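The values are calculated or read from the model by the stated rules, or taken from the named source; none is laboratory data. As the structure is a computational prediction, the values presented were derived from the model and not from experiment. In this analysis, Cβ positions are derived from the backbone assuming ideal geometry, glycine residues included, and neighbour counts consider all displayed protein chains.
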Amino acid sequence: MCLTYILGLCPFEDHNCAYLHDTQYLPKDSGWWNHDEQLQFLKQAMRDIPADQCNKDMLHGVLSVHHTSSPPPLPSGQDSEPQITYDFTLPPSEGLPYVLLLSLEHQISVFQDAYSSLRSTLSKRATLVQATTIEQALGCLTNCSEKLAGVLVTDHGIAHRRHRNVLSHLVRYTKAGGRVVLGGHFITRVNVPTMELFWKEGWGLPFKMTHYHRETFVRNPNHETVKANPSLPSTYNVKASHLGDVPSSSVLYGSTGGSWAQPPGSPPSRIDSNDAPIVYHRFGQGYVGFIGDANGEDDSTTIALAMLNLLDSKIRIAIFQLSDRQVGLFHAIHGTLVETLSTKADVQVVRTNQQALDILANWQDTDGIFIADSEPVEMQDDSAIAAFLAEYTRRGGIVIFGGLFPAVVERKKIGPFFERWWKVQWDVGSFTSITPVVNPKHELSEKKVSLPKVGDMKALSLANMSPTSAVYKASQRKNAESPVLRAQVGKGRLCWIGDVEGGDNYNQIVLGLFDKLNLD
């Protein structure tokens with residue numbers, strides 16, 4: 001039986017096809033050919049697949065991700081349909097962030113050959129994970145998305161209808177704060193109608209493919225990614241495909257104006273200011289990027305790194321100094337902290353409650369918060385700041401309580417404060433001089449972060465913590481107190497530095513808690 005004939009896609013006449021063009025022998029009561037919805041879906045999906053590749057397994061694979069048809073009745077007593085789960089385990093990262101290479105057309109060797117510079121450079125800054133099947137892609141995006149620095153789509157497979165389930169997961173990942181870059185061979189095999197459907201149906205965006213020509217493009221100085229990555233070249237000469245109907249705020253590199261191009265079979269036309277070969281568009285809380293270069297130019301590698309936040313973007317840290325009466329003492333003890341943090345991060349000192357609330361309301365724009373005084377505890381009964389700080393942590397932020405906090409806060413309030421908002425049952429421990437040692441079981445040690453050795457430290461330690469939450473331990477005893485903690489709360493980290501004198505290596509410890517120390 002000719003499967004493409006059933007779909008109305010067979011390129012041969014009845015007498016020229018090697019397979020039967022007659023449906024009378026097919027079962028009448030079962031099979032996708034008896035369901036109009038599935039039949040129409042397959043007709044649309046299989047238009048992207050060459051006729052000689054259309055087979056039973058391919059059709060069943062496409063149908064397996066088609067969720068619009070009516071599901072079969074559930075077994076008696078079952079309230080919901082069982083969820084399909086996909087196993088996926090990330091390899092050891094050695095402290096590097098993860099980047100998923102999404103290659104659904106299995107063109108791995110082609111990508112490695114044509115984009116060897118990109119892959120080589122990426123591998124020095126990230127642990128690369130490859131997904132070449134639907135199961136691998138869904139497994140990674142479902143189980144490991146929180147650990148990804150971003151996703152690089154290396155070929156055109158994601159634009160095929162048979163992969164629309166993967167695309168829907170990719171869109172959700174982006175909306176939740178992920179970074180997705182469409183590069184590599186993505187542009188080489190996607191025609192104009194498919195590209196328009198990809199953006200319209202998958203992302204709800206009006207983008208479409210327009211010109212393909214060589215020009216020297218200029219970076220957009222107003223784009224926040226350009227501002228955060230001074231290493232991006234000021235100009236970019238490349239022969240590239242363009243996206244049209246792109247907001248000017250999403251153009252990373254664009255024409256200087258007044259440029260003309262001549263599409264094949266069409267007269268010359270002026271390039272619209274909303275056409276661009278390099279696009280980085282804010283989508284929900286994340287970004288989706290498009291690189292129209294199909295030839296692997298060196299500058300395209302730099303641009304991809306910037307889009308994945310692996311070039312020279314600094315993390316963004318806010319220091320909450322909300323108590324006017326404690327500012328002078330903080331600077332007397334921790335005067336060099338802001339300067340040290342500024343070498344690795346963009347630092348904003350926050351002095352008012354309203355500024356703090358504004359930052360917490362736009363939580364995705366800040367990577368970490370340092371609490372420098374006791375004000376969040378003193379005003380917790382009549383302020384939303386403590387509640388927002390806890391929610392910020394659960395969503396993936398890093399919050400460090402340090403500075404003057406352990407020295408000036410009422411100790412009886414510390415345990416209830418953390419239990420109320422973060423649901424951790426930390427108790428106040430000793431306040432004394434100690435010589436702490438690095439805890440080899442902490443995640444920072446296991447990632448081989450170069451935590452500094454610490455001499456004598458006068459600190460307020462905490463007790464009743466998980467053994468794996470202590471970054472430093474006060475002694476080798478099993479249930480030792482800890483002057484420095486970093487515990488996972490939700491998707492983020494809650495940290496404590498009990499050092500009250502800003503001793504040697506204090507600033508380096510803060511950098512370590514913010515994930516900004518080098519690896520051993």
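Before moving on, here are some points about what is shown:
- Subset of the stretch 126-150 [modelled with pLDDT of 85 or more and either charged (D, E, K, R) or not assigned by TED's automatic domain parsing to the domain that holds ARG164 (or both)]: GLU135
- Screening the stretch 121-236 for helices (runs of 4 or more DSSP H) wholly inside it with 1 or more residues that are among the acidic types (Asp, Glu) and touching a residue at least 24 places away in the same chain (Cβ under 8 Å) returns the ranges 134-143.
- Checking every residue in the stretch 483-494 against the condition of being in the same structural domain as THR340 (by TED's automatic domain parsing), touching a helix residue (DSSP H, G or I) at 6+ places or on another chain (Cβ under 8 Å), within 22 Å of ASP367 (Cα to Cα) and at pLDDT below 90 gives at least one match.
- Residues located in the stretch 364-373, provided they are in a loop (DSSP other than H, G, I, E, B) and β-branched (Val, Ile, Thr): THR366
- Unique residue being at pLDDT 90 or above, out of contact with any Gly (no Cβ under 6 Å at 6 or more places or on another chain) and surrounded by fewer than 24 Cβ atoms within 10 Å (Cβ to Cβ) when the list is GLY244, GLY258: GLY244
- Of all positions in the stretch 285-305, at least one carries a residue that is farther than 30 Å from HIS213 by Cα and assigned by TED's automatic domain parsing to the domain that holds SER116.
- Qualifying residue in the stretch 319-337 (condition: without any contact (Cβ under 8 Å) to a residue 24 or more places away in the chain, part of a loop (DSSP other than H, G, I, E, B) and more than 30 Å from SER145 (Cβ to Cβ)): yes
Residue by residue, here is whether (1) surrounded by fewer than 21 Cβ atoms within 10 Å (Cβ to Cβ); (2) among the hydrophobic types (A, V, I, L, M, F, W, C); (3) out of contact with any strand residue (DSSP E or B) (no Cβ under 7 Å at 6 or more places or on another chain) holds:
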position: HIS156; (1), (2), (3): no, no, yes
position: ARG162; (1), (2), (3): no, no, yes
position: VAL166; (1), (2), (3): no, yes, yes
position: ALA176; (1), (2), (3): yes, yes, no
position: VAL180; (1), (2), (3): no, yes, no
position: HIS185; (1), (2), (3): no, no, yes
position: LYS200; (1), (2), (3): yes, no, yes
position: LYS208; (1), (2), (3): yes, no, no
position: TYR212; (1), (2), (3): yes, no, no
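- For beta carbons closer than 7 Å, sequence separation of 6+ or different chains, a first residue in the stretch 338-363 that is in a helix (DSSP H, G or I) and a second that is surrounded by 14 or more Cβ atoms within 10 Å (Cβ to Cβ) and among the charged types (D, E, K, R), the qualifying pairs are TRP363/ARG395.
- In summary, LEU305 fulfils each of the numbered conditions (1) modelled with pLDDT of 90 or more; (2) part of a strand (DSSP E or B) with the single exception of condition (2).
- Selection from the stretch 134-164 of residues that are over 27 Å from LYS208 (Cα atoms) and among the polar types (S, T, N, Q): GLN136, THR142, ASN143, SER145
- Among the residues of the stretch 291-332, those identified as over 30 Å from VAL181 (Cα atoms) and either crowded, with 17+ Cβ neighbours inside 10 Å or within 21 Å of the chain's Cα centre (by Cα) (or both) are ILE319, PHE320, GLN321, LEU322, SER323, GLN326, PHE330.
- The single condition among (1) aliphatic (A, V, I, L, M); (2) assigned by TED's automatic domain parsing to the domain that holds GLY183; (3) at pLDDT below 80 that LEU74 does not meet is (2).
- Filter result (buried (at least 20 other Cβ atoms within 10 Å of the Cβ) and in contact with a Phe, Trp or Tyr (Cβ under 7 Å, 6 or more places away or on another chain)) within the stretch 447-488: VAL454, LEU460, LEU462, MET465, SER482, PRO483, VAL484, LEU485
- Qualifying residue in the stretch 476-497 (condition: assigned to a loop (DSSP other than H, G, I, E, B), of a type in the set (Gly, Ala, Ser) and out of contact with any Asp or Glu (no Cβ under 8 Å at 6 or more places or on another chain)): yes
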